[in-house]
Amino acid sequence: MTQQPFDERMSLALDGLLSEDECRSLNHSLSQSPEATDAWERMRVIDRMLDTAPEASPPFDFARRVMARIEAFDTRRRWRPWIISLLVLVTTAAVISIMLPIGLLVLGGYRWLLSVPMLGDLISMALDALGQAQAAVLWLGESVLRWITFVTTDPVALTTVVSALVVASIWIGLREAFRLAPLSVDG
């Protein structure tokens, strides 16, 4: 009889893989040591729990979902170099478009640009248009902010807006209900 580690012999005994001589030797060892008896009882409890536990089975579409995730990962891996290249290109263009005007202003290059007859007029017109667009955006933002402040501070306005939203949602709900409901013909 070969001398196996004690834990391994207990595991083999639980699986029914020990010979009669090995079982007698195990029982004798268990009777001699209270620690071994305690370990044996814990292993038996765990073995019973594992024997009575229900078998877990994966969902019916498990393989399909795993394969879909693998395909998605492969697709992302193939696109990654292109996306990184595009991001580098866009970042470079953004840095140039920001730094070029700043460089022209700081280094005084704008004076030379304004001295070119046709180009100076175009730049002046573009700057005027940009100023007007900025003023329009600021006016629009202030108007929206004033409207939101008015609606949230005036109870009548808030009630009106909430009522209109409720009526609109009921109307949309009814349209969808009639669209989805089959027509009944009384006859």
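The values are calculated or read from the model by the stated rules, or taken from the named source; none is laboratory data. Source: prediction; values computed, not measured. Every residue, glycine as well, gets a Cβ built from its backbone with ideal geometry; the counts of neighbours run over all protein chains shown.
Only one residue in Arg9, Arg78 is surrounded by 10 or more Cβ atoms within 10 Å (Cβ to Cβ) and either at negative phi or touching a residue at least 40 places away in the same chain (Cβ under 8 Å) (or both), so which one is that?
Just one listed residue meets the conditions, Arg9.
Assess whether Thr160 counts as being over 35 Å from the mean Cα position of the chain (by Cα), among the β-branched types (Val, Ile, Thr) and not assigned by TED's automatic domain parsing to the domain that holds Pro101.
yes
Can you tell which of Gly108, Gly103 is in contact with a helix residue (DSSP H, G or I) (Cβ under 8 Å, 6 or more places away or on another chain) and closer than 21 Å to Ile123 by Cα?
Every option except Gly103 fails the conditions.
Just need a number here: residues in region 7-40 that are closer than 24 Å to Asp51 by Cα and either in contact with a Leu (Cβ under 8 Å, 6 or more places away or on another chain) or not in a helix (DSSP H, G or I) (or both).
14
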